[in-house]
1. Using a 1.4 Å probe, what is the accessible area per residue for the range 385-511, in Å²?
2. Across all directions of projection, what mean area in square nanometres is found for the Cα convex hull of the range 324-364?
3. Over the Cα atoms of the range 455-589, each weighted equally, I'd like the Debye log10 I(q)/I(0) at q = 0.18, 0.20, 0.21, 0.22 Å⁻¹, rounded to two decimals.
4. Cα atoms only, the range 78-154: Rg and Dmax in Å?
5. How many Å³ per residue does the convex hull of the Cα positions in the range 335-420 occupy?
6. Could you pull the accessible area for D385 with a 1.4 Å probe, rounded to 10 Å²?
7. For the range 138-276, compute the orientation-averaged projected area of the C-alpha convex hull (one quarter of its surface), in nm².
8. Beyond a 30 Å Cα-Cα separation, which of these cross-linked pairs lie in this structure: K169/K421; K375/K445; K66/K445; K375/K561; K66/K375?
Amino acid sequence: MTRSFHAGSPFDTPDAEIAAALEQVSIPTLLLSLVHITGDPRFIRDYKQAGLFLNEVQGFMSEEDKARARAEALPIIAGYRDAGCPVPDPLPPELVEEMLDWAACEHVGEDNLPLVLEELDLDGVDPRRPTALEDPGDFHVIVIGAGESGVLAGVRLKQAGINFTILEKNSGPGGTWWENSYPGARVDVANHFYCYSFEPSNHWDHFFAEQPELRRYFADVVDRHELGPHIRFNTEVRSLRWDGAAWTVDTGNGSFTANAVITAVGQLNRPSIPEFPGAETFTGPAFHSAAWDHSVDVTGKRVALIGAGASGFQIAPAIADTVEHLTVFQRTAQWMFPNPMYHEPVADGVRWAMEHLPYYGRWYRFLLLWPGADKGLDAAIVDPDYADQGNAVSEINAIARIMFTDWITTQVGDDPDLLAKVLPDYPATGKRTLQDNGSWLNTLKRDNVELVRNPIERITPTGVVTADGTEYPADIILYATGFRATEVLFPMTVTGRDGADLHEVWGSRPYAYRSITVPGFPNFFMTYGPGAHLAHGGSLILNSELQMRYINQCLERLIEKNLRTLEPRPEPTAEWHRRSQEAIRKTVWAHPSITHSYFKNADGEIHTVSPWRLSTYHAAVYEPVWSDFREE
Ligand code: N01
């Protein structure tokens, strides 16, 4: 039997080191691995988890049970080592399902199994990998962007044997993780889930990696898959035009032609800086969080931080102890999710287990996926029968509000002024909920930090003035004011059939059939397009993998049937858009109390966010319904 990566690599670790590692691992995950090593289901039947909650990976098990599990595990793992770490026999499907239910602390259910089993990938076959085409000919694909989804597109196109070129505006890969180098930048989805299913790095330094580590991860994937020769860096796409037979892609660095185009530009890429009157008169350095000017030293300076969404929330704690004074201008208070692991390093013992214990990494991924994905949607969907709609949209949503409120009030303590500023006035999870380990409120409580909730009126040469006339002096202004998230594909011009301009076709309401294709734009595919943003959780990498499998199938169809064009028909596209809009209006994100949110366009409508469970979207893009497409 060949050894799949997921089965763990052989080891000769001495008993004492194994015992030390077992002190650090997730015990539920260890027990699941023991079932694989021994084939004996008693390791899940003899132990019970008390529950599964996001970022709590010990199943709330008692200390006694955890100690018992470690004691049982040590001789079994030592025996496995002494036997040469043989690849465990596959487990019967019923037992895997029992393990899933045990790990989830609930019945995972038929609907979720296809997605979950794919993510587990116990067979180690990389189930989303495309089959290599027998004769791809000279069909050529342009991928726009070498961030998370562009690198993925490269991997999958290469595996399929399709010619491709990736055009990237930056001088290296990683997209968001290349650009966002501000102090404190780190991911807010746990990394053992926020990584490609087929490149499950076991080496993360942190559970929520900092930007340099993420940037390295994507560069490593590029190297391992030998994508370098396919990428043109420093090449920004300005426009693309369908000429009836092919796409012409214009960049600041030459023109390219392609049979098909895949956009992989993300939604959170183009900085948005509000037009505050007088901003141009400010005499000090002023820059956006995604374009951090590392030549500017904030040490000992008076810093105005405008915006406190996910980026500002990370910047403030990272710079507060070096600046002389920090003024944080926050328009809307944010809900925070308690996450004690947010800044925690991954212990050596955990890394050892990821590397060597069979399927430990796969089950750990599941422990992150299950509570971290569709559970968030449960709390976001409006229950029309819930009475107190101003406060919460459902009973679960109300419970989240109580929990988050408690997290905030306990930390603030006896400071009613601060509490009034930091407690949100809209239902929980109505905007992106931030991961928090207490660092935000600790920062706001510092003597050299002030949180301002009054609206900004103007900027002067020396500071920021709010609507009440107060001037806050500043040497540096940091704009952590987010991105042009609702302007999909901005600022590129995309011209399709008969000269149609995609942005004119869309207006302020971008749409796409299954978030990927648009009628009138043949052989044009989007990753992370309209309706693909995951506001409720999950990992965008997972979403991209599902989308890319679908795109690969479309390309395969074009090539193998020798088609000239493929595009969705208007009727199924309109139907998908109608259903998506109907669903999105019944979520907390559309709540009328939320006036500012990057999910909403200028009209207060939501077109970029997915209202679907991951399993629903998985089924929708598992394979194309060809009758929904027009082929030529
Ligand atoms: O952007 P944001 P971000 N006057 O749009 C404020 C991802 N991300 O860069 O809330 C005054 O969330 C705005 O105020 P309001 C993640 O998905 C991930 O912080 O609109 N203020 C808000 O405070 C995240 O959600 C990670 O009222 C103005 C801030 O600027 C997304 O990127 C890290 C204003 C913008 O917050 C974007 O996060 C960072 C105005 N005119 C980002 N206009 C991790 O993985 C805007 N604001 C950790």
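The values are calculated or read from the model by the stated rules, or taken from the named source; none is laboratory data. Remember, it's a predicted structure, so these values are computed and weren't measured experimentally. Don't worry about glycine lacking a Cβ; one is built from the backbone with ideal geometry, like all the others, and counts go over all protein chains shown. The protein model used for the area step is the full one, side chains on, heavy atoms only, and it has no ligands, DNA or RNA in it. Shrake-Rupley method; radii C 1.70, N 1.55, O 1.52, S 1.80 Å.
1. Accessible area per residue: 45 Å².
2. 5.8 nm²
3. Those come out to -1.06, -1.23, -1.32, -1.41, one per q.
4. In Å, with Rg to one decimal and Dmax whole: 18.9, 54.
5. Expressed per residue, the convex hull around the Cα atoms of the range 335-420 is 113 Å³.
6. It works out to around 140 Å².
7. Numbers: hull surface 40.4 nm².
Its average projected convex-hull area is 10.1 nm².
8. Table pairs above 30 Å Cα-Cα are K169/K421; K375/K445; K66/K445; K375/K561.
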